[in-house]
1. Quick check on my filter: what residues within region 94-112 are modelled with pLDDT of 95 or more and either aliphatic (A, V, I, L, M) or outside the structural domain of V81 (by TED's automatic domain parsing) (or both)?
2. Applying the selection to region 79-90, what residues are touching a Lys or Arg at 6+ places or on another chain (Cβ under 9 Å) and within 22 Å of D126 (Cα to Cα)?
3. Output the residues belonging to region 71-93 that are modelled with pLDDT of 95 or more, of a type in the set (A, V, I, L, M) and either farther than 19 Å from E44 by Cβ or not in a loop (DSSP other than H, G, I, E, B) (or both).
4. Out of T114, T104, I need the residue that is of a type in the set (S, T, Y), free of Cβ contacts under 8 Å to residues at least 40 places away in the same chain and part of a loop (DSSP other than H, G, I, E, B). Which one?
5. Kindly establish whether A127 is assigned by TED's automatic domain parsing to the domain that holds V51, surrounded by 16 or more Cβ atoms within 10 Å (Cβ to Cβ), in a helix (DSSP H, G or I) and aliphatic (A, V, I, L, M).
6. Only residues that are surrounded by fewer than 18 Cβ atoms within 10 Å (Cβ to Cβ) and not in a strand (DSSP E or B): list them for region 52-70, please.
Amino acid sequence: MFPYIFAVISTAVLFFSPGTALEPSRVMREMPLPVAVPILETAEAVETHEVWVTAYSSTPEETDDTPFVTASNTETRDGIVAANFLPFGTRIQIPEHFGDKVFTVEDRMHRRKTNFVDIWMPTKNDAKQFGISYTKILILERGHEVVAAK
């Protein structure tokens, strides 16, 4: 169901003695075949939720007095979401809008927003263009509620 990214790994060690000629047919017979090894796998969802999805930016009218610092005391950046019903560090996907992109809960919303996920965007215009939708989110991994003081 989910795509895998593979790395091809092969190893060939050739030892040459002075005066010996390289025999391509022997080298090809003795060279190990490439092996496909998954190095990145999209995790299966541990649970799903239907929520309202909105967007916000680091503008004073949308945040508190530290617009570039999240509630978990990290800097705002692409891939950050705010949600009140999930612990900090929870990894989610919003497949209807962002496909396989993984977001991390590092911020909070006003306490009245109990069934919302708010996606951080670099500009207010980007957030306005996103709008609002009711959609399914996939919870890939629940975080742990450990926060440093602001």
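1. Passing the criteria: I94, V102, V105.
2. G79, A82, A83
3. I80, V81, A82, A83, I92
4. Criteria check complete, one pass: T114.
5. yes
6. Of everything in region 52-70, those that are surrounded by fewer than 18 Cβ atoms within 10 Å (Cβ to Cβ) and not in a strand (DSSP E or B) turn out to be T59, P60, E61, E62, D64, D65, T66, P67, F68.
The values are calculated or read from the model by the stated rules, or taken from the named source; none is laboratory data. Just so you know, these numbers come straight off a predicted model, no measurement behind them. Methodologically, a virtual Cβ is constructed for each residue, glycine included, from the backbone with ideal geometry; neighbour enumeration extends over all protein chains shown.
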